[in-house]
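For reference, the structure discussed in these notes is given below.
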Amino acid sequence: MALFARSDRARAVSPIKGTDLLIRLPVMEDFPAWAKLRAESRSFLTPWEPTWREDDLTRSAFRLRYFNPEDRDVLYPFFICDALSGALLGGISFGHIRRGVAHSGMMGYWMGAAHAGKGIMTRAVPLALKLAFGPVGLRRVEAGSLPRNTASIRVLEANGFQREGYARQYLCINGIYEDHVLYARLKDDPPV
């Protein structure tokens, strides 16, 4: 049933493999590994994410997050996996997709605490951008970061994202509306 929640465009997205990473769409069989990694990483992730709901790590929450029929062609979630073992390391998504004259979307990402600080996200973003600018069909990818999240800002800047502005009380993070630094990368930007 979950497959039917994906748009035709999403079903056409094939996994992409780098030297040591694999970026792919989630499947329901990922639930146990996802719930374990998120639970182990909760204190690491909560300062950077929207408030976790009480049922956040349940199978139904997983299904709603990654297979919601209302998200057809407005959200493309991917998992970042180790290319050799297949182990789940984190996630990267392109959401709030706007078609028509825009063909743009917002990139967000998370990394399991045990895998943070190893440059994995810096290597995962260019792979995911190949999907965003390729089969997902975007021409502009935007990203926001809390000004104090220097690790996230380094990931964006290392991957050629240009700072475009500052948005006051942009998103509700861990229960507080927080200012964000705004970045964007265009399909036609020179490679990094």
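The values are calculated or read from the model by the stated rules, or taken from the named source; none is laboratory data. Everything numeric in this text was worked out from a predicted model, so none of it was measured. Reconstructed Cβ throughout: ideal geometry from the backbone, glycine too, with neighbour counts over all protein chains shown.
Table for the structure above
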item	result
Scan of region 116-151 for residues that are crowded, with 22+ Cβ neighbours inside 10 Å and under 15 Å from G90 (Cα atoms), ordered by number	M121, A124, V125, A128
Verdict on G117 being of a type outside the set (A, V, I, L, M) and either under 22 Å from R98 (Cβ atoms) or out of contact with any strand residue (DSSP E or B) (no Cβ under 7 Å at 6 or more places or on another chain) (or both)	yes
Matching option when the condition is modelled with pLDDT of 95 or more, within 21 Å of A167 (Cβ to Cβ), surrounded by 16 or more Cβ atoms within 10 Å (Cβ to Cβ) and of a type in the set (G, A, S), among G108, G90	G108
Single residue of region 156-189 satisfying the filter (of a type in the set (D, E, K, R) and over 21 Å from H103 (Cα atoms)) that is surrounded by the most Cβ atoms within 10 Å (Cβ to Cβ)	E178
Out of R72, R42, sole residue that is at pLDDT 95 or above and farther than 18 Å from A143 by Cα	R42
